[in-house]
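J.: Dropping a structure here in structure tokens format, bear with me for questions.
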Amino acid sequence: MLMKLSCAAAVIAVIVLNGCGQRTTPEPRSGTSDGSVDSTPAPGGKGGPQADNVIVALGNEPFWNVRVTGREILYRDPEHQDGYRFPPVAAVEEDGARVFRTRRDIPAGAPGPRMLELRIRDGSCSDGMSDRQYSMIALLKIGESTLAGCALIEPDSGLGRVGGQ
């Protein structure tokens, strides 16, 4: 019984972190929605998402999700479903990876991480749970934790924003 509850909780976390209801038709989950990798630099920055695209990085064990848009970088996990918002930054190229490095200016003693570093590099990646294949590998440093996962580029529907903000 406990195992069934753990599996159900894991499935719910994946649905919440992947943005339930964002897609109505199955599409490849590697690179862009047409299966290619979009490496076009964003206006004013190198290697960032275009105005109508979002970089999504995700992982499990533990579950986590990062959405990089031109408006913000949003980190979420099951314990922090509203997420932590970081200022948007342009990616820099380091050792073959696009690196987004940002910091939240929060008062001393405020909860949550201050620093976020997301490294995205081209390469075959599987989320290990759904057997989905991605064409990008993600490495996330959030606070004192380092987490590994996969990444993709998808159209920005605005649905990933918490509270429609």
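J.: When only residues in the range 115-125 that are surrounded by fewer than 16 Cβ atoms within 10 Å (Cβ to Cβ) and of a type outside the set (Gly, Ala, Ser) count, which is farthest from Ile73 (Cα to Cα)?
T.: Looking at the filtered set, the residue picked out is Asp122.
J.: Taking the residues in the range 72-93 that are farther than 20 Å from Thr146 by Cβ and surrounded by 13 or more Cβ atoms within 10 Å (Cβ to Cβ) as candidates, determine which candidate is farthest from the chain's Cα centre (by Cα).
T.: Filtering first and then ranking leaves Ala90.
J.: Cβ contacts < 7 Å: first residue over 11 Å from Arg119 (Cβ atoms), restricted to the range 138-159; second residue at pLDDT 95 or above and exposed (fewer than 14 other Cβ atoms within 10 Å of the Cβ), any location; separation 6+ or different chain. Result?
T.: If the second residue must be at pLDDT 95 or above and exposed (fewer than 14 other Cβ atoms within 10 Å of the Cβ), the pairs left are Gly143/Met115.
J.: Where residues in the range 49-72 are of a type in the set (A, V, I, L, M, F, W, C) and in contact with a Pro (Cβ under 6 Å, 6 or more places away or on another chain), which of them is nearest to Met129 (Cα to Cα)? Outline the logic, then answer.
T.: Step one: filter the range 49-72 for residues of a type in the set (A, V, I, L, M, F, W, C), giving 51, 54-58, 63-64, 66, 68.
So of that shortlist, the ones also in contact with a Pro (Cβ under 6 Å, 6 or more places away or on another chain) come out as 55, 63, 68.
Working: Ile55: 20, Phe63: 11, Val68: 23 Å.
Of everything passing the filter in the range 49-72, Phe63 is nearest to Met129 (Cα to Cα).
J.: May I ask you to list the residues in the range 131-142 that are closer than 16 Å to Val66 by Cα and either over 14 Å from the mean Cα position of the chain (by Cα) or crowded, with 20+ Cβ neighbours inside 10 Å (or both)? Even if it seems obvious, please write down each step before you answer.
T.: Initially, the range 131-142 is screened for residues closer than 16 Å to Val66 by Cα, giving 134, 136-142.
Answer for the range 131-142, where residues must be closer than 16 Å to Val66 by Cα and either over 14 Å from the mean Cα position of the chain (by Cα) or crowded, with 20+ Cβ neighbours inside 10 Å (or both): Tyr134, Met136, Ala138, Leu140, Ile142.
J.: For the range 92-137, which positions are in contact with a Cys (Cβ under 6 Å, 6 or more places away or on another chain) and part of a strand (DSSP E or B)? Before you say what the answer is, go through the steps one by one.
T.: Here is the first cut: in the range 92-137, the ones in contact with a Cys (Cβ under 6 Å, 6 or more places away or on another chain) are 125, 127, 134, 137.
Result: Cys125, Tyr134, Ile137.
J.: Sort through Gly149, Gly112, Gly96, Gly128 and tell me the only one that's buried (at least 20 other Cβ atoms within 10 Å of the Cβ) and of a type outside the set (S, T, N, Q).
T.: Working: Gly112 fails: buried (at least 20 other Cβ atoms within 10 Å of the Cβ); Gly96 fails: buried (at least 20 other Cβ atoms within 10 Å of the Cβ); Gly128 fails: buried (at least 20 other Cβ atoms within 10 Å of the Cβ).
Residue meeting the stated conditions: Gly149.
J.: Would you check which residues across the range 125-159 are modelled with pLDDT of 95 or more and polar (S, T, N, Q) and list them?
T.: Passing the criteria: only Thr146.
The values are calculated or read from the model by the stated rules, or taken from the named source; none is laboratory data. Since this is a predicted model, take the numbers as computed values, not measurements. Note that we place each Cβ from the backbone using ideal geometry, even for glycine, and neighbour counts take in every protein chain shown.
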